[in-house]
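The values are calculated or read from the model by the stated rules, or taken from the named source; none is laboratory data. Predicted model, so just to flag it, every value in this text is computed and none were measured. Positions of Cβ are backbone-derived with ideal geometry, glycine not excepted, and every protein chain shown enters the neighbour counts.
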Amino acid sequence: MTYSDSGGGGDDGNTGWVPSCDVCYLLNSIKSTVESNQARLSTMQTTLDNMITVFNANFNTDFPWLYEIKEKCDSKSNKQYIGTAKGIPALVLQNRDIVKLLKDIQHSTCTNDNGPVVPEWWQLRAGADRPQLVVLCAEKNPDDTLKSAKYVVTIPHYQHSDPHNFPPFTRLEKGSYQGVLTLKDNSKVIIYGKTIQETRNVLYNIYQEIDTAYRDGFYPKVGPIGNPDFLEITVYPKYGKYFPSGVTKTVPLWTVAYG
């Protein structure tokens, strides 16, 4: 800093120092820097205020969701995944429910019984237009729900032309005994039971559900088949599909779920 020795003071005659041009430049530079930084700080404050507004919206806003799916194909109502959460945490909870929903879809797809079935046609006598009920049976899971329906029993001349929610038999213990019940028009009911008595009992229950005009007395033929390793399992009716004109139209008139 440079001092002046001249007495060029103010109007009061006091002497003092006069800063050189270097000092003026320095002060002006500091002043400009402060003003510039102040503008930048003001801009940063505005930016932070805007960010806080966005964050508050994301964290404080309620986001509701509702997903629905049938737990089973024949369920009468939907299973719901519903919730509300604030902001970003809502995404975590939504994804959790979406994962559950996908598991439900996978389970429904894996257990869905979409296998096609067609009525039987007996070649011993013409008459492929016989009305028939095709009963799809399934084994039970440990929790008493039914697995996929893989086993079929066909009943010609079923006496209920309208949807009937009661199965023609309650269960069938499958095994290596073949039972054949022949009706008046030579159409047949064929099942495979674990014992002679089991086979006769199920055939008799089915016999009671056949149109009386085609019953020719209850005289089933029951005997062992050649394969002694025939699978022995217990199956239960799960679905019934009614074909009023037999194989001449392979689309069922109606389908009922027995479970």
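Data for the structure
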read-out	value
Out of Y177, Y207, sole residue that is modelled with pLDDT of 95 or more, crowded, with 17+ Cβ neighbours inside 10 Å and either over 23 Å from Y242 (Cβ atoms) or in contact with a Lys or Arg (Cβ under 7 Å, 6 or more places away or on another chain) (or both)	Y207
Any pair with Cβ under 7 angstrom, 6 or more apart, that starts in the stretch 141-161 at a residue that is surrounded by 14 or more Cβ atoms within 10 Å (Cβ to Cβ) and ends at one that is assigned to a loop (DSSP other than H, G, I, E, B) and hydrophobic (A, V, I, L, M, F, W, C)	V152/V117; P156/L183; H157/L183
Extreme residue, farthest from P163 (Cα to Cα), among residues of the stretch 234-255 that are of a type in the set (A, V, I, L, M, F, W, C) and at pLDDT below 95	V247
Tabulated pairs, the stretch 163-179, first closer than 15 Å to Q197 by Cβ, second in a loop (DSSP other than H, G, I, E, B) and of a type in the set (F, W, Y), C-beta under 9 angstrom, 6+ apart or interchain	K174/F230; G175/F230; S176/F230; Y177/F230
Output for the stretch 201-259, where each listed residue is outside any helix (DSSP H, G or I), under 36 Å from the mean Cα position of the chain (by Cα) and hydrophobic (A, V, I, L, M, F, W, C)	F230, L231, I233, V235, F243, V251, L253, W254, V256, A257
Test for L93: is it in a helix (DSSP H, G or I), of a type in the set (A, V, I, L, M, F, W, C), modelled with pLDDT of 75 or more and in contact with a strand residue (DSSP E or B) (Cβ under 7 Å, 6 or more places away or on another chain)	yes
Options T47, T43, T53; residue that is out of contact with any strand residue (DSSP E or B) (no Cβ under 8 Å at 6 or more places or on another chain), of a type outside the set (A, V, I, L, M, F, W, C), in a helix (DSSP H, G or I) and modelled with pLDDT under 70	T53
Test: I233 is in the same structural domain as L146 (by TED's automatic domain parsing), of a type in the set (A, V, I, L, M), over 22 Å from S148 (Cα atoms) and in contact with a Phe, Trp or Tyr (Cβ under 9 Å, 6 or more places away or on another chain)	no
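Yes/no per residue for (1) modelled with pLDDT of 90 or more; (2) in a strand (DSSP E or B); (3) among the hydrophobic types (A, V, I, L, M, F, W, C):
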position	(1), (2), (3)
A126	no, no, yes
V135	yes, yes, yes
P142	yes, no, no
T154	yes, yes, no
H160	yes, no, no
